[in-house]
Amino acid sequence: MRMEGGCLCGKTRYVIDGEPLWAGDCYCRDCQKESGGGHLTGLAVPAEAISLSGPVRTYTAPGGSGTMIDRSFCGECGSTLMSHPHVMGDARIVRAGTLDDPSTIEVGMAVFCTRAQHWDQPVGTRTQFDEMPPLG
Ligand SMILES: [Zn+2]
Ligand SMILES: [Zn+2]
């Protein structure tokens, strides 16, 4: 599967050439802060399937588990394109809304549902987890 995406201003672009592992909605507070909304939708992709180009910058901070998360964003417009939670090894979590055609993905689960705001509740058709489930 080949997908492309990019930031708001268009200077930072990526190409995914490979199969996504899973897609999910995350309701944790960090994702609320990053997105400015009630949740963020992420698509997990093997790192070797992604090529990222443009004026990329990285923000690194610990996640809820205490292990580091690198977030890659456009240095020009600030859109976050993907993250690398070190706890997930080789997977990168691409921000689904940055895909050129986000309609092509299937979102199967929602995580950190206990943190969801009353005005943005998890969609009923997702498999819902209170926290982060162990992911292979
Ligand atoms: Zn940009
Ligand atoms: Zn999150």
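The values are calculated or read from the model by the stated rules, or taken from the named source; none is laboratory data. What you see is a predicted model; the values in this text were computed from it and never measured. Neighbour counts are summed over all protein chains in view; Cβ atoms, including those assigned to glycine, are modelled from backbone coordinates with ideal geometry.
Scanning the range 97-108 finds no residues that are within 13 Å of ligand 2 (Cβ to nearest atom), within 15 Å of Leu40 (Cα to Cα) and crowded, with 16+ Cβ neighbours inside 10 Å.
Number of residues in the range 91-136 that are touching a Ser or Thr at 6+ places or on another chain (Cβ under 7 Å) and of a type in the set (Ser, Thr, Tyr): the value is 1.
Remark: pairs (first residue in the range 1-24, part of a loop (DSSP other than H, G, I, E, B) and modelled with pLDDT of 95 or more; second residue within 16 Å of ligand 1 (Cβ to nearest atom) and charged (D, E, K, R); Cβ separation under 6 Å; 6+ apart in sequence or on different chains) = Cys9/Glu76; Lys11/Glu76.
Of everything listed in (1) on the phi < 0 side of the Ramachandran plot; (2) in contact with a strand residue (DSSP E or B) (Cβ under 7 Å, 6 or more places away or on another chain), the single unmet condition for Gly54 is (1).
For every residue, the table says whether it meets (1) within 16 Å of ligand 1 (Cβ to nearest atom); (2) touching a helix residue (DSSP H, G or I) at 6+ places or on another chain (Cβ under 7 Å); (3) at pLDDT below 95.
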position	(1), (2), (3)
Val56	yes, no, no
Thr60	no, no, no
Thr67	no, yes, yes
Ser72	yes, no, no
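For the range 1-54, taking the residues that are crowded, with 17+ Cβ neighbours inside 10 Å and acidic (Asp, Glu), the one that is nearest to ligand 1 (Cβ to nearest atom) is identified as Glu34. Taking the range 48-84 as the range and being charged (D, E, K, R), in contact (Cβ under 8 Å) with a residue 24 or more places away in the chain and more than 12 Å from Val94 (Cα to Cα) as the test, the residues that pass are Glu48, Glu76.
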